[in-house]
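Comments concern the structure below.
The values are calculated or read from the model by the stated rules, or taken from the named source; none is laboratory data. None of the values given here were measured: they were computed from a predicted structure. Please note: Cβ atoms are built from the backbone with ideal geometry, for glycine as well, and neighbour counts cover all protein chains shown.
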Amino acid sequence: MTTMSPVRPLPEALGRKDTPKESGEWSVNECAPIRGLPVTNVSSRKMSAPMGNDALSEVVRVHELVHAKVSPTDLSPYLERGLAGDDSLRSVEEMRVNYLASRLGYDMKHLMDGSEDSYGERVVDTNDWRGAVMFALATAGTGGHKKFLNGVRRKNKVWGAVLADISKRAMKEITKVPQKRLASTEPIGDGMIEGFSHTERIAEWAERMATTAPPEPEPAKGEDEGKGGDTDKGDTTDDGDTEASKPKRGRPKSSEVDTTDAVSASRKTKLLPSSPPSWMKLKVERLPLPIVLNGALGKKRLASQTGKVPRRIHRLISDPNKRVFDRTVKGTGGIVIVDASGSMSMSRDELREVVLSAPGCTVMTYSVMGDWRIGEDGEAVATNAWVLADKGRICDEMPFSRGQANGVDLPALEWAVSNRPRSNTPIVWVCDGHVTGMGDNGHDSLTLQAMNFCSRHNIVVVPDTATACKYLTALGQGKRMSVREPWAFTDARRQYLGGKK
Amino acid sequence: MTTTTDNTKLPSCWKKLNNALSAGIDRIILFGPSGTGKTYAGLNHGNTQGGAHRLICTEDMTTADVCGAFMPDNKGTFSWVAGSALKAWDGDGITGGRLVADEIDKAGGDVLATLLAFTDTPESASWENPETGRIHRPREGFSVIMTTNIENMAELPTALSDRFPVRIRIDQPHPSALTRLSSDLHGIAVSLADAGRERVSLRAFYAFDKLRSSLPVGEAAELVFGDRASSILEAMRIDSLARVTV
């Protein structure tokens, strides 16, 4: 009879293309096959994994080894891009790893620790939709997935149906990618690797899916209101005698819940077709600003002791000077970012017109003029953004007659936000909505990033120069003017956000 | 013999060796895990037209292995038989040869002293043949490559390390050594050649490769890798991930 010796995982044997070959062995410790204990850290070459010969230990060990083979050494380049958060990246990565392990012939149905079922119930009880989406994705393709969904369904059938659909769609996306590419650690620039870019793309979608929980289940037509219950099976005590004594939760019996609408509503949130490119690095040059331009953009109200209408009556109590009235002062400016790329077809005069319409503002224009090189310091080699006006002074000569590529749309907006003196300083972005990243490659994800950034920081997007001049003039006169968002934004919103603002 | 492998495709350590040899460096230490082909490289890489002579150093060896000794001959008398270092000095009679000293750090005191004399700079290196009284000097082209498994070069005697200014850590097998192995084993053989305590030598993979052609894979692995067979097979399976085309 032979005794089974422990199986030490051999991460040392696994080759990667994104890291230089390192000498010596990994630090490998044995742990129990319980969720949370096995762990792999590629950068510090540490692994904790079970070393038993049983089926569960084997699949957990293989799961960790696949992490060592394909997972990125550092998530920060992905987190900096802001497409997806840490938890969504990790959840989808779990799914990718489990899928790759199953492709190697390992039966990942063994991968469960028995806690999934109760966790499924708990996420519903705590109304943790995001947690539910992430866990569903992380366990997709494993034995724990079904148990988790059973737990969820027991409490909320709609959630269960939508989560099952989300997992199915995510898995379908993963299986579409050829295995060689899905497992590739080939560097693709900016510290990122090819295989994980698929994880990132799905995680970006998962982020959107996790924002809004499906609506509460509604009773199907003709349902008797009194027949409340919260389980779909297994509750043998659920009879007529106990019904009266049980508190009604107002949730219909799950067998009577129609989940079709919720599932089809969730399907409106589409996945991006491919991995998005990175943004080009922004390199700003401040042009000489010899010309003084008098004027100011916008008005603001300040508290005053004198006036006609006491708008700030609360100050009677809170303000020692009892400034309950308003007085209006001229605004000191804002920030105007002008997309001067080819799609804007902006002439030198039009650009100048925008600058003149924004007195007192900081005006910056951007366009990558054909040079996409990144220096050894990680910065752009050539200037791609120019400050045309600042603190009441403007340049006398516009830097170019017609711009070329976008490339730096989001970095330009980030520059504006980081340079605004107060959080309520207005930022106006003159852009047709056609944003692009590195190499002037467009991608819907880049559009979504720019849209999200604008809504997060209250940036007003103006689609063309004529509207921009009107809008800025109106703003200078203290008027409010509504502006229609660029068509590209509306289209992206319809495709990927189900039309949600 | 001069190797013709494309330098740009070589792993960094082998590229360094090629660069050092082609720049005319004639005293090189190759160190690192065993089974990566250091000795093979010493015997075959660079200009070895004058012949390559191997010297395996142990504590029990004598200077006879280095410079030579009187040995009984078939005439019933004693005649002088040159040692490896002397042969390498003389080379083919026109150019000097290559001395490959394996584990030179393991040589005893007197042998080490003799070796130091033989590996000295050409200007100061000389040795008198006790039979003929002839003074031998290294011929032009004489080179020495020393190989060792020790990782810390500070552990080498100072006099020895002074003579070998270029030290290269060979951490993976030469690509030409891998050609004897099936392509699916290349990656894992390279990775495990320098895996510290988990190291598996290239020779083990040669044996496994041969065995698996006639035996089931599991059996072949158990025969070669013993207790570690499951671990190695598991790792091989996972390492194949990015290689598989679907």
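Residue-by-condition table, conditions (1) within 12 Å of chain A (Cβ to nearest Cβ); (2) out of contact with any Pro (no Cβ under 7 Å at 6 or more places or on another chain); (3) of a type in the set (A, V, I, L, M):
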{"site": "B:Arg199", "(1), (2), (3)": "yes, no, no"}
{"site": "B:Ala204", "(1), (2), (3)": "no, yes, yes"}
{"site": "B:Lys210", "(1), (2), (3)": "no, yes, no"}
{"site": "B:Glu219", "(1), (2), (3)": "no, yes, no"}
{"site": "B:Val224", "(1), (2), (3)": "no, yes, yes"}
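Of all residues in the range A:415-438 being in contact with a strand residue (DSSP E or B) (Cβ under 8 Å, 6 or more places away or on another chain) and small (Gly, Ala, Ser), which is farthest from A:Thr465 (Cα to Cα)?
Applying the filter and picking the extreme gives A:Ala416.
Suppose we keep only residues that are over 26 Å from B:Ala229 (Cβ atoms) and either surrounded by fewer than 14 Cβ atoms within 10 Å (Cβ to Cβ) or of a type outside the set (D, E, K, R) (or both) within the range A:5-31. Which one would you say is farthest from the other protein chains (Cβ to nearest Cβ)?
This residue is A:Thr19.
Given (1) touching a strand residue (DSSP E or B) at 6+ places or on another chain (Cβ under 9 Å); (2) farther than 28 Å from A:Ser423 by Cβ; (3) in a loop (DSSP other than H, G, I, E, B), where does A:Pro359 come up short, assuming only one miss?
Checking A:Pro359 against (1) touching a strand residue (DSSP E or B) at 6+ places or on another chain (Cβ under 9 Å); (2) farther than 28 Å from A:Ser423 by Cβ; (3) in a loop (DSSP other than H, G, I, E, B), the one that fails is (2).
Can you pull out the residues in the range A:365-386 that are within 20 Å of A:Ile337 (Cα to Cα) and in a strand (DSSP E or B)?
Result: A:Thr365, A:Tyr366, A:Val368, A:Ala380, A:Ala385, A:Trp386.
Return yes or no: is B:Ala221 surrounded by 19 or more Cβ atoms within 10 Å (Cβ to Cβ) and farther than 23 Å from A:Val62 by Cβ?
No; evaluated as a whole, the condition is false for this residue.
Going through A:Arg315, A:Arg311 one at a time, which residue ends up being free of Cβ contacts under 8 Å to residues at least 24 places away in the same chain, in contact with an Asp or Glu (Cβ under 6 Å, 6 or more places away or on another chain) and not aromatic (Phe, Trp, Tyr)?
Answer to the check: A:Arg311.
Give the residues of the range A:385-407 that are touching a Pro at 6+ places or on another chain (Cβ under 9 Å) and under 17 Å from A:Met280 (Cβ atoms), sorted by residue number.
Across the range A:385-407, the qualifying residues are A:Ala385, A:Trp386.
Being touching a helix residue (DSSP H, G or I) at 6+ places or on another chain (Cβ under 8 Å), among the acidic types (Asp, Glu) and under 24 Å from B:Ile56 (Cα atoms) narrows it down to one residue among B:Glu155, B:Glu198; which is it?
Within the list B:Glu155, B:Glu198, the selection yields B:Glu155.
What pairs come up if the first residue lies in the range B:176-197 and is more than 7 Å from chain A (Cβ to nearest Cβ), the second is crowded, with 18+ Cβ neighbours inside 10 Å and among the aromatic types (Phe, Trp, Tyr), and their beta carbons are under 6 Å apart, counting only those six or more places apart or on different chains?
The qualifying pairs are B:Leu181/B:Phe205; B:Leu185/B:Phe205; B:Ala189/B:Phe205.
Of the numbered conditions (1) outside any helix (DSSP H, G or I); (2) within 14 Å of another protein chain (Cβ to nearest Cβ), A:Gly141 satisfies every one except a single condition; which is it?
Of everything listed in (1) outside any helix (DSSP H, G or I); (2) within 14 Å of another protein chain (Cβ to nearest Cβ), A:Gly141 misses just condition (2).
Condition first: of a type outside the set (A, V, I, L, M, F, W, C), part of a helix (DSSP H, G or I), touching a residue at least 24 places away in the same chain (Cβ under 8 Å) and crowded, with 22+ Cβ neighbours inside 10 Å. Can you find one or more residues in the range A:36-50 that meet it?
No: zero hits.
Determine, yes or no, whether B:Glu103 is farther than 17 Å from B:Asp26 by Cα and at pLDDT below 85.
no
Within the range B:149-158, is even one residue touching a Leu at 6+ places or on another chain (Cβ under 8 Å) and not in a loop (DSSP other than H, G, I, E, B)?
no
Name, by its number, the condition in (1) part of a loop (DSSP other than H, G, I, E, B); (2) at pLDDT 85 or above; (3) in contact with an Asp or Glu (Cβ under 9 Å, 6 or more places away or on another chain) that does not hold for A:Thr306.
(3) is the only condition that A:Thr306 fails.
Each row is one residue, and each column tells you yes or no for (1) more than 8 Å from chain B (Cβ to nearest Cβ); (2) charged (D, E, K, R); (3) out of contact with any Cys (no Cβ under 8 Å at 6 or more places or on another chain); (4) under 29 Å from A:Arg208 (Cα atoms).
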site: A:Pro33; (1), (2), (3), (4): yes, no, yes, no
site: A:Asn41; (1), (2), (3), (4): yes, no, yes, yes
site: A:Pro77; (1), (2), (3), (4): yes, no, yes, yes
site: A:Ala84; (1), (2), (3), (4): yes, no, yes, yes
site: A:Asp87; (1), (2), (3), (4): yes, yes, yes, yes
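Tally time: how many residues in the range A:104-134 are within 14 Å of another protein chain (Cβ to nearest Cβ) and without any contact (Cβ under 8 Å) to a residue 24 or more places away in the chain?
1
Based on what the data block shows, is B:Ala69 in contact (Cβ under 8 Å) with a residue 40 or more places away in the chain and not in a loop (DSSP other than H, G, I, E, B)?
Judged against the criteria, B:Ala69 is not a match.
Give the residue that is nearest to the chain's Cα centre (by Cα), with candidates limited to residues of the range B:180-209 that are more than 12 Å from B:Gly37 (Cβ to Cβ) and β-branched (Val, Ile, Thr).
B:Val200
State whether one or more residues within the range A:416-428 are within 28 Å of A:His443 (Cβ to Cβ), part of a loop (DSSP other than H, G, I, E, B) and in contact with a helix residue (DSSP H, G or I) (Cβ under 7 Å, 6 or more places away or on another chain).
No, there is no match, as no residue in the range A:416-428 is within 28 Å of A:His443 (Cβ to Cβ), part of a loop (DSSP other than H, G, I, E, B) and in contact with a helix residue (DSSP H, G or I) (Cβ under 7 Å, 6 or more places away or on another chain).
Looking for whichever is more than 22 Å from the chain's Cα centre (by Cα) and either farther than 22 Å from B:Phe31 by Cα or among the hydrophobic types (A, V, I, L, M, F, W, C) (or both) here; the options are B:Pro72, B:Pro138. Which one fits?
B:Pro72
Go through (1) within 24 Å of B:Ala235 (Cβ to Cβ); (2) surrounded by 15 or more Cβ atoms within 10 Å (Cβ to Cβ) one by one and return the number of the condition B:Pro216 breaks.
(2)
Kindly provide the set of residues from the range B:182-215 that are of a type in the set (A, V, I, L, M, F, W, C) and in a helix (DSSP H, G or I), ordered by number.
B:Leu185, B:Ile188, B:Ala189, B:Val190, B:Leu192, B:Ala193, B:Leu202, B:Ala204, B:Phe205, B:Ala207, B:Phe208, B:Leu211
Within the bounds of the range A:138-160, is there any residue that is out of contact with any Ser or Thr (no Cβ under 8 Å at 6 or more places or on another chain) and closer than 14 Å to A:Met209 by Cβ?
Yes: one or more hits.
Looking at the range A:269-293 only, could you name the residues that are within 30 Å of A:Asn441 (Cα to Cα) and more than 17 Å from the chain's Cα centre (by Cα)?
Result: A:Met280, A:Lys281, A:Leu282, A:Lys283, A:Val284, A:Glu285, A:Arg286, A:Leu287.
Among the residues in the range A:160-175, are any under 24 Å from the mean Cα position of the chain (by Cα), modelled with pLDDT of 90 or more, within 30 Å of B:Asp239 (Cβ to Cβ) and within 14 Å of chain B (Cβ to nearest Cβ)?
yes
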